[in-house]
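Remarks on the structure that follows.
The values are calculated or read from the model by the stated rules, or taken from the named source; none is laboratory data. Source: prediction; values computed, not measured. Reconstructed Cβ throughout: ideal geometry from the backbone, glycine too, with neighbour counts over all protein chains shown. Note: areas computed on protein heavy atoms with side chains; ligands, DNA, RNA excluded. Shrake-Rupley method; radii C 1.70, N 1.55, O 1.52, S 1.80 Å.
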Amino acid sequence: DNDQKTFVIFGIPLVGRIMVAALVGHLAIYLGDDLAANCEDHDFNFDILPDEFKRDKQKQLNRLSGVVDFRNQKFTTWGWKSPRAMLYLPQIMEKLRNPHLICVMRDPIASAMRNISRVQ
């Protein structure tokens, strides 16, 4: 079904992921409940997962799979923002319906110039 979509917003730090997530959210795409200012869904944020899920990859994947299954049932189109989604995304990709991956990156030349200016 073309109406069913899952959006995943990820990418390197300080490049505008929050702005992209805010725009996606304003398009009435569910990105989670009680989102903090950084628009990160607690259910998919690796950094705030309980330590037991960080240590046990299978527990982590079981938990994430359960969240995906629940949201697939509840929403036609939904998604989440997590800078570290690539840590688990390959393992849950098959559960995502019509996945749309939004990787936010910065121009590599601009990044290099910024780093050079910081060193000098």
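Brief remarks on what is shown
- Answer residue from segment 68-92, given it is open to solvent by 10 Å² or more (accessible area, probe 1.4 Å) and at pLDDT below 95 and is nearest to R106 (Cα to Cα) among those: P83
- In segment 93-107, residue surrounded by the most Cβ atoms within 10 Å (Cβ to Cβ) [restricted to those that are farther than 18 Å from I18 by Cβ and of a type in the set (A, V, I, L, M, F, W, C)]: L96
- Within segment 1-20, being at pLDDT below 90 and in contact with a Gly (Cβ under 8 Å, 6 or more places away or on another chain) holds for one residue alone: R17.
- Test for R63: is it under 17 Å from the mean Cα position of the chain (by Cα), among the basic types (K, R) and over 21 Å from A22 (Cβ atoms): yes
- Residue in segment 48-55 that is open to solvent by 30 Å² or more (accessible area, probe 1.4 Å), in a loop (DSSP other than H, G, I, E, B) and free of Cβ contacts under 8 Å to residues at least 24 places away in the same chain present: yes
- Residue within segment 14-37 that is under 22 Å from D107 (Cβ atoms), touching a strand residue (DSSP E or B) at 6+ places or on another chain (Cβ under 7 Å) and either among the acidic types (D, E) or part of a loop (DSSP other than H, G, I, E, B) (or both) present: yes
- For segment 98-120, filtering for residues that are over 27 Å from A37 (Cα atoms) and among the charged types (D, E, K, R) leaves 1.
- Sub-6 Å Cβ pairs linking a first residue in segment 27-42 that is surrounded by 14 or more Cβ atoms within 10 Å (Cβ to Cβ) to a second residue that is of a type in the set (D, E), at least 6 apart or interchain, are G32/D41, ordered by first then second residue.
- Residues in segment 61-120 that are among the polar types (S, T, N, Q) and either touching a residue at least 24 places away in the same chain (Cβ under 8 Å) or assigned to a helix (DSSP H, G or I) (or both): N62, S65, N72, Q73, T76, T77, S82, Q91, N98, S111, N115, S117.
- Test: A110 is open to solvent by less than 50 Å² (accessible area, probe 1.4 Å) and out of contact with any Phe, Trp or Tyr (no Cβ under 9 Å at 6 or more places or on another chain): yes
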